[in-house]
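Okay, structure first, notes after.
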Amino acid sequence: MTPLLQVTDLTKHFPIRSGVFRSAGGVIKAVDGVSFSIDAGQTLGLVGESGCGKSTTGRLLMRLLTATSGSIRLDGQEIAELRRSDLQEYRRRVQMVFQNPSSSLNPRQSVGSAIAAPLLAQRVTPTGGVKARVRDLMDRVGLRPDHYNRFPHEFSGGQKQRVGIARALALDPQLIICDEPVSALDVSVQAQVINLLEDIQRDTGVAYLFVAHDLSVVKHFADRVAVMYLGKIMEYGDSAGVFDAPKHPYTQALLSAVPHPDPAADRSGRIRLSGDLPSPADPPRGCVFQSRCPAYPLLDPQRRQSCTDSVPSGDIACHHTDSAGEALAAAPR
Ligand SMILES: Nc1ncnc2c1ncn2[C@@H]1O[C@H](COP(=O)(O)OP(=O)(O)OP(=O)(O)O)[C@@H](O)[C@H]1O
Ligand code: SF4
Ligand SMILES: [Mg+2]
């Protein structure tokens, strides 16, 4: 079966306009050969540290940016080949929810108008009219009818994000790119918004690309997970496999930092990453995680050598999936 979204070897390099790498024609490898797919009605969690390329991936999928190379197919259709008229249809099918609900809403626009905006922009007149559709959407996301004429400053962060979700749902999309939709919210509100997104998925069959920097946020929610580092995917697979038996040293390190429900067990097994995140303008040769990999010093010298060779594409970007993960799991911390 063709997946709803198929991303293959997607790359976005930004030319460097200032600093030492500029004269050398350097580029920032924000997204560097990323592949994944999302089935209809499913959720892919895209996780990684700040600057690893998550938002750039989302913006490429929205066609807010043009890819340097690679392929993005929605229902088998290559989106780079869409003509202007098809692009409008594409924008109906793929919507986005942003990290900061405050800055993504116009302070001078009422909540009702904000939710109606995509319908008006696309000249869509739902049965019963725009107002009725907006009221339905508000009800769907847990906003009250009297919120219709209110303005964003009268709302809490969680309510503003509900407005953002209603707006994204207005055109009945097949896929919503949720770019850290709960990162700016209090922990208790985060769970409410995630529950709402799950309910909506169950009712409508919409698929999500759910971006987060924290694995625990996607743990109970995503069907599949892609762990990103310096523009590349380090580990990709079903959530159960990635969370229960992570194979890449980076995934293991990230998971070891997720707080344990039992405080007594917390942190005892944390794997610390040494060193700073390298620049995406000058990533390490071969395996990009090499400079911070906690498994690297545990490998025998012969094996270590191959860490400087490019890692072939696959679900786990490590030359030593057979031994690195095991060595790390067994190492004293
Ligand atoms: N328009 C741009 N021009 C140049 N560099 C850019 C541009 N947009 C992003 N970058 C760089 O690309 C890299 C990836 O950025 P991106 O915003 O995709 O990361 P992210 O994973 O979303 O990070 P965060 O968790 O902080 O949101 C960063 O080094 C960033 O500085
Ligand atoms: S290839 Fe080597 S450096 Fe890279 S993750 Fe695997 S063990 Fe670590
Ligand atoms: Mg981002």
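None of the figures in this text is laboratory data; all of them are computed from the coordinates on show. Source: prediction; values computed, not measured. So basically every Cβ, Gly included, is an ideal-geometry build from the backbone, and we count neighbours across all protein chains shown.
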**Item:** Under the Debye formula (equal points on every Cα, no solvent term), log10 I(q)/I(0) of segment 140-253 at q = 0.15, 0.18, 0.20 Å⁻¹
**Value:** -0.72, -0.97, -1.13
**Prompt:** Hey, rough spin-label estimate for Ser110 and Asn149, points 7 angstrom out along Cα→Cβ, what's it come to in nanometres?
**Reply:** 0.5 nm
**Fill in**
Sequence order, segment 114-119: Karplus ³J(HN,Hα) from phi using 6.51 cos²θ - 1.76 cosθ + 1.60, θ = phi - 60°, Hz rounded, Gly and Pro as x, gives 5, 6, 6, 3, x, 5
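Report, in cubic angstrom per residue, the convex hull volume of the C-alpha atoms of segment 5-229. List each step's numbers first, then the result.
Details: hull volume 31.3 nm³, N = 225.
Cα-based convex hull of segment 5-229, divided per residue, equals 139 Å³.
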**Request:** Hey, can you grab everything whose amide H is under 5 Å from the amide H of Gly41? Only 5+ residues off in sequence or another chain; H modelled, so Pro and N-termini drop out.
**Result:** Ala207
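Give me the net charge for the shell around Thr321: Cβ to Cβ below 11 angstrom, other residues only, Lys and Arg +1, Asp and Glu -1.
Working: positive: Lys247; negative: Glu235, Asp315, Asp322, Glu326.
In short, -3.
Report the convex hull volume per residue for segment 231-333, counting only C-alpha atoms, in Å³. Intermediate results must be reported in sequence, preceding the final value.
Details: hull volume 11.4 nm³, N = 103.
Enclosed volume per residue, from the Cα hull, is 111 Å³.
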**Residue-count net charge about Pro3 - beta-carbon cut-off 10 Å; Lys, Arg +1, Asp, Glu -1** = -1
**Fill in**
If amide H atoms are modeled at 1.01 Å from N in the peptide plane, then the residues at a separation of 5 or more from Ala226, or on another chain, having amide H under 5 Å from its own are Gly45, Leu46, Val47
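Taking 0.36 nm per residue of sequence separation and subtracting the Cα-Cα distance, how much length would be gained by fully extending the chain between Asp282 and Ser323, in nm to one decimal? Intermediate values should be presented prior to the final figure.
On the way: separation 41, 0.36 × 41 = 14.76 nm, distance 2.77 nm.
Result: 12.0 nm gained on full extension.
Around Leu277, with a cut-off of 10 angstrom between Cβ atoms, what is the net charge of the other residues, counting Lys and Arg +1 and Asp and Glu -1?
Taking every other residue near Leu277 into account, the sum is -1.
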**Request:** Sequence neighbours fewer than 8 away in the same chain don't count; with that in mind, list the aspartates and glutamates whose C-alpha is under 12 Å from Lys247.
**Result:** Glu235, Asp315, Asp322, Glu326
**Asked** Quick one: length gained pulling Tyr90 to Asp214 fully straight, 0.36 nm per residue minus the C-alpha distance?
**Response** 41.7 nm
**Request:** Take the alpha-carbon centre of segment 163-179, take the same for segment 35-63, and report the distance between them in whole Å.
**Result:** 15 Å
**Complete:** Nearest-0.05 FRET efficiency for Ser188 and Ala240 at R0 = 30 Å, using Cβ-Cβ distance, is 0.70
**Message:** Per residue of segment 317-325, what does 6.51 cos²θ - 1.76 cosθ + 1.60 with θ = phi - 60° give for ³J(HN,Hα)? Whole Hz please, x for Gly and Pro, Karplus curve as stated.
**Reply:** 8, 8, 6, 10, 4, 6, 10, 4, x
